[in-house]
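Encoded as structure tokens, the structure appears first; notes follow it.
The values are calculated or read from the model by the stated rules, or taken from the named source; none is laboratory data. Because the structure is a prediction, the values reported are computed rather than measured. Here the Cβ positions follow ideal geometry from the backbone for every residue, glycine too, while neighbour counts run over all protein chains shown. Surface accessibility is based on the protein's heavy atoms, side chains included, excluding ligands, DNA and RNA. Shrake-Rupley method; radii C 1.70, N 1.55, O 1.52, S 1.80 Å.
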Amino acid sequence: MSRNSAQWHAKPNLPETHYVDSSIYTSEEFFREEQEKIFNKVWIIACHESEVPNAYDYRTFQHPGGENLIIVRGDDQKVRAFYNICPHRGNTILYDPSGNAKNMTCIFHSWSFDTKGNCVDITRGTEGYQNRIDKQDVCLREVKCDTGYGGFIWVNVDDESMSLKEYIGDALGLLDECIQPEMEVFHYHKAIVNTNYKLWHDTNSEFYHDFLHYFNRITGMIQPGYYDRKYEGYKYGHASVGSMEVQYDKYAGSQKRGVGWPGLGPGGWILIDLFPGMTYNLRTSVLRLDTAIPLGANKVAIEFRGLGLKSDTPEQRAERIRDHNTIWGPFGRNLHEDLLAVHGQGIAMREGTDSKWVIQGREESSTIHDEVGMRHFYAEWSRRMGRKASAPQEQGKIEAA
Amino acid sequence: MNSHEAVERLIYKSALALDEKNFDGYLELCDGAFTYTICTYSPEIRKDMIWLQHDKEGMKTLFKNLPRHNSDHSPLTRHVTVYTVDQKDDGTEAEVVSGLQVYKTALDGGATSLYAVGKIYDTVKLSGDSVSLVKRNIRLDTRELGIGHHVPF
Ligand code: FES
Ligand SMILES: [Fe+2]
């Protein structure tokens, strides 16, 4: 029987770890608090080292905490990160998403900065400031930056943060061998969707939605080994899903994959979600890396990267690109379905729609359709926010799961 | 009808066929050796990227598979303008450059928005009275395609 208002709003008859209040997806207040308590405290992937291969190469990055960053390789080959704000009158220093600049010169009044963040020129400095302002006083704000785990460049805007190594812990262990060889980004695109960033990360954290994907039903769900894949949770909200052999030839027009990946079984698939919005998705011949950058409670920019091996022959690379495009990329079969679903959630649950609960209650011994991956995420979310995801209006100290 | 006119008609028909999701009609305009590519350049990674690539058989399979998938059914409207038609000296082929704008119309309410812009680079085979598409290369300027789309441009 359908439910009336009271029944609709009544708490689900499940442990409070097994559902969340949908206001965590819609409240602008919670979103600003997430920026402060989560995104500005943790390590975030800004780009990949192959995007800044040479000295003075730079990339810009819109940090999910709100800051605009510059990632630049110095002539000492070290990659550093800075705020992309001119200390003079607050102009954007680097406009282009990538480039090469020995000195980064602001177009407005031509102040210049080197790749170590030093201010190296104040135009007509002594005439205007005499001895009152020195170049030393107006250097760039540097942000912690580290490279690792497959050559990704990570940033953390919290000067007091733990190290990247401590933050990741054992979470990427399943990929240890796979991310040893040098990799290269061959695909990049950004999707802006009116939905909450967590809904994207949730989708990357549960495989029950393989019902959404014809491709995965045919090549995975009805194949042997599918239900053996297991979730494992790690400290700080990260989670992994183990491999199976995907039967690609079961999808018309698809075929058994030839190139594979070092350290991964044939047709293998390992997925690792990193708190609060990054996913390593190694599927047979391509590593896909998602970075969710929230732009508001109901708006997210998702950066999608596809990576192959630096050592690829042109034929191998072409095959990886083909595999990638079949399911991923803006015209891929699976990515569109995933984005269509979170777009639908964004419509259904936006503020004022009287949405109330989201159920994450499946228990199947941590196997593929168990929803433990999402529960593990929300335990960490609750701890950092000091709010239970199931009752976020109340604040207080919440212990780690 | 001169060949320039025939080439233009072919290009416009191909846009109409896809707008109408008349996939068989689209494939009829394509030569047996047809290849289709959507590509673009990423200034973020400073690389050319291929986003979709198929031969004729691959396109056929793609069209056959699509109804089995969950898709955004908002219709697309392709606006194509043929800019240049350059015929090879021997008259067997023509290189065609066209402008492309793709509009998306929301199913609910019918609001139309510009979805993508780019150029189409076609190689057209000319033999007697018949013309057919041998190669279509769509080069997008637009790279932010929101939730993406299952039907090729
Ligand atoms: S704002 Fe950058 S030099 Fe003045
Ligand atoms: Fe999915």
Test result for B:R139, charged (D, E, K, R) and within 8 Å of chain A (Cβ to nearest Cβ): no
Candidate set from region A:73-97 (those that are more than 14 Å from ligand 1 (Cβ to nearest atom) and away from chain B (no Cβ under 14 Å)); member that is farthest from A:T147 (Cα to Cα): A:D75
A:A301 being more than 16 Å from ligand 2 (Cβ to nearest atom), under 16 Å from the mean Cα position of the chain (by Cα) and not assigned by TED's automatic domain parsing to the domain that holds A:Q62: yes
Answer from A:L340, A:L335, A:L309 - the residue that is within 8 Å of another protein chain (Cβ to nearest Cβ), open to solvent by 10 Å² or more (accessible area, probe 1.4 Å) and in contact with a helix residue (DSSP H, G or I) (Cβ under 9 Å, 6 or more places away or on another chain): A:L340
Unique match (being within 16 Å of ligand 1 (Cβ to nearest atom) and either touching a strand residue (DSSP E or B) at 6+ places or on another chain (Cβ under 9 Å) or open to solvent by less than 20 Å² (accessible area, probe 1.4 Å) (or both)) among A:I24, A:I44, A:I38, A:I70: A:I70
Of all residues making up region B:28-61, the number that are open to solvent by less than 50 Å² (accessible area, probe 1.4 Å) and over 17 Å from B:K135 (Cα atoms): 6
Matching option when the condition is within 16 Å of ligand 2 (Cβ to nearest atom) and either in contact with an Asp or Glu (Cβ under 9 Å, 6 or more places away or on another chain) or within 13 Å of chain B (Cβ to nearest Cβ) (or both), among A:E363, A:E371: A:E371
Subset tally (residues that are of a type in the set (F, W, Y), under 18 Å from A:L164 (Cβ atoms) and assigned to a loop (DSSP other than H, G, I, E, B)) for region A:39-60: 1
Tally, over region A:182-206, of residues that are assigned to a strand (DSSP E or B) and within 12 Å of A:A341 (Cβ to Cβ): 1
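Here is a check on your reading of the model: is A:N325 within 8 Å of another protein chain (Cβ to nearest Cβ), polar (S, T, N, Q) and part of a helix (DSSP H, G or I)?
yes
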Filtered residues of region A:137-181 (kept if in a helix (DSSP H, G or I), more than 25 Å from A:P53 (Cβ to Cβ) and not aliphatic (A, V, I, L, M)): A:D137, A:E166, A:Y167, A:G173
Some residue of region A:98-116 being more than 10 Å from ligand 1 (Cβ to nearest atom), without any contact (Cβ under 8 Å) to a residue 40 or more places away in the chain and in contact with a Pro (Cβ under 9 Å, 6 or more places away or on another chain): no
Yes/no for A:H187 being within 14 Å of chain B (Cβ to nearest Cβ) and either closer than 30 Å to B:I45 by Cβ or within 16 Å of ligand 2 (Cβ to nearest atom) (or both): yes
